[in-house]
Amino acid sequence: MIKVTHLTKVYKINRFLKRDKIIALDNVSFEINNGGIYGIVGPNGSGKTTLFKILMGLVIPTFGEVKIFNLSPSDPKCREIIGYLPENVIFPKYLTPDKILKLTGRLFSIEEEKLNSKIDDLLSFVELERWRNVEVRKFSKGMVKALGLIRSLINEPKILLLDEPFEGLDPEKRFLFKEFLKNFIETDRDRIVLINTHLLSDVEKICDQVLFLYKGKLIDKVKVSKLLDKYIIYLPFDKMNFDKFASIGGLFYNKGKAGLLIEGDKLNEVLFYLESNGIKRDLIELKKADVEEIYTYLISKARDCYG
């Protein structure tokens, strides 16, 4: 399991002959006590990549602590249970999948016969078996991504970190990848998958929970099922005229439209309140909220708080 306590990372940089600092993570705390698939979303610069690097033991935090199954990320035993797929997968062009996977397996001291069997299964899963001895210089971007995925699985990790895993995959490969992740969790309920992605539709379809980051701060951690039990009501007036409705829902302004984010069990109450204030049902737009709209709401609120 993963426990993050008061995690802070400050990068010191030289800028125009003076020392400056960038706060990549700012007092972030959360716990993941159950296996599952967790999405990590936020704008560029929100700290997602730094969080991954700290979990892998590649970056030392300025303050705070991380424990992964009660191990420090710097502990070699911890690194043995982590698999990682970077956003940009790069292999030496002269190597083949067979050589790449065997080199990786040997780093984890996997016995040769077991390693060969594992490589057969993994290549078959991503339909690369006939490319086993072909140099990766001849691979498409999607094929390289698929090879990167199965390399991250060679050690049968308990923690799988995926950085923009669906980028560059065709629709069929994306579907197969999602099905694999679900099966990966179902075969061992203690496994944890963390996905850093900007494709919020994918978060909605496969994640159990979502962590929202903004400017290094954790602004929310919530179950996807709870997220999707919300409604959006778009109102027929501009931003200057809807503050009086703040008491009945989460107010936001998106793409020229004023909106209210409403819990599902409050919907009828809110509709009655609006009508009592002269806003008829046919003047509003009502729809089920999706993750992208909820993300927009949370980020707009974070900007109000943190700039």
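Structural remarks
- Only one entry in Asn133, Asn116 is of a type outside the set (Val, Ile, Thr), over 27 Å from the mean Cα position of the chain (by Cα) and assigned to a loop (DSSP other than H, G, I, E, B), namely Asn133.
- Positions within segment 77-89 being of a type outside the set (Gly, Ala, Ser) and either farther than 14 Å from Glu164 by Cα or outside any loop (DSSP other than H, G, I, E, B) (or both), in sequence order: Lys77, Cys78, Arg79, Glu80, Ile81, Ile82, Tyr84, Leu85
- Some residue of segment 121-129 being of a type in the set (Phe, Trp, Tyr) and closer than 18 Å to Leu169 by Cβ: yes
- Considering segment 8-35, and only residues there that are among the hydrophobic types (A, V, I, L, M, F, W, C) and under 18 Å from the mean Cα position of the chain (by Cα), the residue that is farthest from Ile68 (Cα to Cα) turns out to be Ala24.
- Some residue of segment 2-24 being surrounded by 13 or more Cβ atoms within 10 Å (Cβ to Cβ) and without any contact (Cβ under 8 Å) to a residue 12 or more places away in the chain: no
- Condition met for Thr62 (of a type in the set (Val, Ile, Thr) and surrounded by fewer than 21 Cβ atoms within 10 Å (Cβ to Cβ)): yes
- If the condition is being touching an Asp or Glu at 6+ places or on another chain (Cβ under 8 Å) and among the hydrophobic types (A, V, I, L, M, F, W, C), then segment 254-307 contributes Ala258, Leu261, Val291, Leu298.
- For Leu160: the one exception among (1) assigned to a helix (DSSP H, G or I); (2) surrounded by 18 or more Cβ atoms within 10 Å (Cβ to Cβ); (3) modelled with pLDDT of 95 or more: (1)
- Subset of segment 250-302 that is touching a residue at least 60 places away in the same chain (Cβ under 8 Å) and of a type in the set (D, E, K, R) - its residue that is surrounded by the most Cβ atoms within 10 Å (Cβ to Cβ): Glu293
- Scan of segment 92-113 for residues that are under 20 Å from Met56 (Cα atoms) and in a loop (DSSP other than H, G, I, E, B), ordered by number: Phe108, Ser109
- For Asn88: the one exception among (1) in the same structural domain as Lys138 (by TED's automatic domain parsing); (2) surrounded by 15 or more Cβ atoms within 10 Å (Cβ to Cβ); (3) of a type outside the set (Gly, Ala, Ser): (2)
- Set Asn183, Asn196: member being buried (at least 17 other Cβ atoms within 10 Å of the Cβ), modelled with pLDDT of 85 or more and of a type in the set (S, T, N, Q): Asn196
The values are calculated or read from the model by the stated rules, or taken from the named source; none is laboratory data. For clarity, every value in this text was computed on a predicted model and none was experimentally measured. Cβ: placed from backbone, ideal geometry, glycine included. Neighbour counts: every protein chain shown.
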